[in-house]
Amino acid sequence: MKKITVPDIERMKRDGGKIPVLTAYDYPLAKILDEAGIPLILVGDSAGMVFAGGKDTLSVTMDEMRYHTRAVARGCKGALVVADMPFLSYQVSIEDAKKNAGLLVREGAEAVKLEGGVIMADTIKAIADMDVPVMGHIGLTPQSIHRMGGYKIQGREKKQRKKLLDDAKAVEKAGAFSIVLECIPAALAKKITETVSIPTIGIGAGCYCDGQVLVIHDLLGLYDDVKPRFVKRYVSLKQIISSAVNGYIDDVKEEKFPGKEHSF
């Protein structure tokens, strides 16, 4: 299995290839994704929602991200592992940001992701200057939902479009190797993708980005109460798991399990 590196991801854009990205938060799923050939796994702070049941990502801590990063890294032989920097791990000071980025690398991350454009340019540069690759993230930034008024599409107005284009340029100039574009109009994502030399990874940003990312729980259909418009559900594991559990319950109640073949 070829090990994917940051230069490989950068090369994919230059060669015109598309970059599939998925999230993972634990060892078994990371191992499955890695063996399937996914080139980049994001240990997202979305763990606070889809893994731990929280209402947003703001309560996720560095200790939690270190734990998830360590578990995912153990399952990856080929995929590039990128870890999210959680809320308050990089906003307070550049020194905090550098230290926390380093802690995630110690746990097995090969790059880190942080949210923000122009206002985070100095922080991105400081982390990149210590040879820790950085993935940027602009558009709908979940750690800023209170300012944005919720999970809303960004970049519909002319002023917002200019700001997001400026953000993308600033992230690139600061030294990021790639940038996530979340919940922005496809036409704007296309313009950003054509403007910057680093790969763009879209989520709810249309088909013109250099790559796409989905939360693995959404792709696998582990939740059926919420389905964002930009999600394609490839299977309904919730139904499969429920069916298996119901079968187990029935077998125990009817004394079909354990059988002789399961006993010593």
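The values are calculated or read from the model by the stated rules, or taken from the named source; none is laboratory data. Remember, it's a predicted structure, so these values are computed and weren't measured experimentally. Glycine also receives a Cβ, built like all others from the backbone with ideal geometry; neighbour counts cover every protein chain displayed.
If you scan the range 13-28, which residues turn out to be buried (at least 19 other Cβ atoms within 10 Å of the Cβ) and either over 25 Å from ALA52 (Cβ atoms) or touching a helix residue (DSSP H, G or I) at 6+ places or on another chain (Cβ under 6 Å) (or both)?
LYS13, ILE19, LEU22, THR23, ALA24, TYR25
For the condition surrounded by fewer than 21 Cβ atoms within 10 Å (Cβ to Cβ) and either in contact (Cβ under 8 Å) with a residue 24 or more places away in the chain or outside the structural domain of ILE145 (by TED's automatic domain parsing) (or both), what is the one hit in THR69, THR61?
From the options THR69, THR61, the qualifying one is THR61.
Regarding the range 206-223, can at least one residue be identified that is within 25 Å of the chain's Cα centre (by Cα) and among the acidic types (Asp, Glu)?
Yes, the range 206-223 has at least one match.
Across the range 249-264, what is the number of residues that are assigned to a helix (DSSP H, G or I) and surrounded by 12 or more Cβ atoms within 10 Å (Cβ to Cβ)?
Of the residues in the range 249-264, 1 are assigned to a helix (DSSP H, G or I) and surrounded by 12 or more Cβ atoms within 10 Å (Cβ to Cβ).
Only one residue in LYS98, LYS55, LYS113, LYS77 is out of contact with any Leu (no Cβ under 9 Å at 6 or more places or on another chain) and closer than 17 Å to ALA176 by Cα. Which one?
None of the others qualify; the one that does is LYS98.
Determine if the range 147-161 includes at least one residue that is within 23 Å of SER89 (Cβ to Cβ), surrounded by fewer than 22 Cβ atoms within 10 Å (Cβ to Cβ) and of a type in the set (Lys, Arg).
yes
Pairs please, first residue from the range 18-39 and under 10 Å from CYS76 (Cα atoms) and of a type in the set (Phe, Trp, Tyr), second anywhere and at pLDDT 95 or above and surrounded by 21 or more Cβ atoms within 10 Å (Cβ to Cβ), Cβ atoms under 8 Å, 6+ apart in sequence or on different chains.
Close Cβ pairs (under 8 Å, with a partner that is at pLDDT 95 or above and surrounded by 21 or more Cβ atoms within 10 Å (Cβ to Cβ)) amount to TYR27/VAL72; TYR27/GLY75.
What number of residues within the range 40-58 satisfy the criterion of being aliphatic (A, V, I, L, M) and in contact (Cβ under 8 Å) with a residue 60 or more places away in the chain?
5
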